[in-house]
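Let me begin by presenting the structure, written as structure tokens, before commenting on it.
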Amino acid sequence: MRQSFLFSKTRREAPKDELAKNAQLLIRAGYVHKEMAGVYSYLPLGLRVLNNIVRIIREEMNTIGGQELVMSALQDKDLWSRTDRWDDTKVDNWFKTTLKSGGEAGFGITHEEPLTRIMTEHISSYRDLPVRAYQFQNKFRNEMRAKSGIMRGKEFLMKDLYSFDQTQEEHEKFYAEARDAYLRIFDRLGIGDKTYVTFASGGIFSEFSEEFQTVSEAGEDIIYIDEEKNLSFNKEILTDEVLAKFDVNREKLIEKKAIEVGNIFHLGTRFSEALGLTYKDKKGESNPVVMGSYGMGPTRLMGTIVETLSDEKGIVWPENVAPFKVHLISLSGGDEAVREYADMLYEDMKKHGISVLYDDRDNRAGEKFADSDLLGLPWRVIIGKNAISNGEIEVVNRATGKIEKRKREAVLEI
């Protein structure tokens with residue numbers, strides 16, 4: 001894409017009411033537009049990043065047998081009342097609306113209930129199991145703490161996967177596969193070395209659930225890490241009993257602030273029993289289906305990457321999620337030969353399958369470099385007079401700042 005064609009523009013200052021670094025940088029760089037507290041629109045560059053994150057998650061979910069669908073955001077009050085999760089005293093962050101035809105509906109906060117009801121029409125025998133179904137969908141939560149930019153919003157994109165198995169043993173096997181898939185995702189997103197599997201409260205379903213916590217000063221959670229044993233615990237469960245169970249010495253634990261970027265839960269048979277999801281086993285006996293839930297927010301991950309990998313100049317995107325791999329910058333200064341050289345290199349890059357944003361604007365060099373730092377694309381390729389006079393092209397690695405001189409052929413292998 002030519003940058004002169006891009007309608008979004010960079011800006012020097014972020015909105016004064018925006019406190020989170022991720023939102024400040026994303027707004028300044030033209031990746032997102034703030035609609036109101038906790039609500040953001042994703043502009044062309046931001047959507048490219050978000051789609052790359054979704055692609056990585058989708059690939060890993062498909063690897064473990066996931067089948068993708070999309071459920072409705074508008075939710076049936078009667079369905080949620082059957083599991084006692086409609087009442088505001090039980091779940092206090094619903095967005096609800098009154099229908100003109102009468103009655104109420106809600107905007108989905110999670111989807112255990114509707115998917116379980118769907119499965120009652122498709123699962124009746126042990127032959128129909130297992131099932132692993134997932135979706136990417138905007139969720140709506142009446143969030144009172146919408147002060148963390150795109151990491152905690154009233155409307156946000158969520159990947160929610162649900163598993164359906166015959167037995168607890170089969171569920172446990174898949175649960176471990178899902179955990180491994182999550183770790184692969186975080187590695188591919190560039191935050192694997194900062195992300196810990198963290199034991200947390202399992203609620204009514206099991207003793208523990210597992211959260212995936214990325215260490216960051218922007219985090220809202222406190223975790224305690226045993227680096228020798230590679231174990232991590234959410235503050236809420238850190239009791240003497242838990243320490244004894246895992247044979248952990250409290251004095252060796254390191255306290256860190258962290259961002260929850262995913263979670264996996266054992267659901268047992270709570271929803272299947274409440275909503276009548278059963279199957280006939282080989283003996284012809286009826287049993288409730290054993291379920292699990294696996295959540296991950298692509299928009300929250302996008303914000304987390306900005307929080308953890310940015311520097312004083314701007315965003316630093318990993319190659320796997322960057323909107324473009326290369327930022328090609330023309331420093332023609334009115335020199336027609338330089339402009340033509342940059343144009344030809346841009347076309348050659350596209351032919352070689354290189355994802356490139358071409359800054360073909362007439363702006364001054366300093367402005368172009370400042371914008372490039374802010375946008376955070378992995379590689380910067382600079383075309384000035386030297387590219388023509390001696391055939392040397394300056395290539396800059398955004399993450400390390402390392403500068404190389406490359407010939408044209410080497411640039412096309414970037």
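The values are calculated or read from the model by the stated rules, or taken from the named source; none is laboratory data. Remember, it's a predicted structure, so these values are computed and weren't measured experimentally. Quick reminder, even Gly has a Cβ in these numbers, built from the backbone with ideal geometry, and neighbours come from all protein chains shown.
Per the conditions (1) surrounded by fewer than 20 Cβ atoms within 10 Å (Cβ to Cβ); (2) part of a strand (DSSP E or B), the sole criterion not satisfied by residue 92 is (2).
Taking the stretch 219-239 as the range and being at pLDDT 95 or above and among the hydrophobic types (A, V, I, L, M, F, W, C) as the test, the residues that pass are 222, 223, 225, 233. Residue 382: under 28 Å from residue 48 (Cα atoms), within 33 Å of the chain's Cα centre (by Cα) and surrounded by 15 or more Cβ atoms within 10 Å (Cβ to Cβ), yes or no? So residue 382 fits the description; yes.
For (1) of a type in the set (A, V, I, L, M); (2) out of contact with any Lys or Arg (no Cβ under 6 Å at 6 or more places or on another chain), each residue gets a yes or a no:
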| site | (1), (2) |
| --- | --- |
| 119 | yes, yes |
| 133 | yes, yes |
| 136 | no, no |
| 142 | no, yes |
| 150 | yes, yes |
| 153 | no, yes |
| 157 | yes, yes |
| 161 | yes, yes |
| 164 | no, yes |
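Screening the stretch 334-361 for residues that are free of Cβ contacts under 8 Å to residues at least 12 places away in the same chain and in a loop (DSSP other than H, G, I, E, B) and picking the one that is surrounded by the most Cβ atoms within 10 Å (Cβ to Cβ) gives 353.
Given the criteria surrounded by 19 or more Cβ atoms within 10 Å (Cβ to Cβ), in the same structural domain as residue 149 (by TED's automatic domain parsing), out of contact with any His (no Cβ under 9 Å at 6 or more places or on another chain) and part of a helix (DSSP H, G or I), does residue 232 qualify? I'd like the intermediate steps shown before the answer.
On the way: surrounded by 19 or more Cβ atoms within 10 Å (Cβ to Cβ): yes; in the same structural domain as residue 149 (by TED's automatic domain parsing): yes; out of contact with any His (no Cβ under 9 Å at 6 or more places or on another chain): yes; part of a helix (DSSP H, G or I): no.
Taking the combined requirement at face value, the residue does not satisfy it.
How many residues does the stretch 391-406 hold that are touching a strand residue (DSSP E or B) at 6+ places or on another chain (Cβ under 8 Å), part of a loop (DSSP other than H, G, I, E, B) and at pLDDT 95 or above?
2
What are the residues in the stretch 3-27 that are within 20 Å of the chain's Cα centre (by Cα) and crowded, with 18+ Cβ neighbours inside 10 Å, if any? Can you show your working first?
Restricting attention to the stretch 3-27, the residues satisfying the condition of being within 20 Å of the chain's Cα centre (by Cα) are 20-27.
Selection gives 20, 21, 22, 23, 25, 26, 27.
Condition first: in a loop (DSSP other than H, G, I, E, B) and touching a Ser or Thr at 6+ places or on another chain (Cβ under 8 Å). Now tell me which residues in the stretch 324-333 satisfy that.
Filtering the stretch 324-333 down to residues in a loop (DSSP other than H, G, I, E, B) leaves 324-325, 331-333.
Matches in the stretch 324-333: 324, 325.
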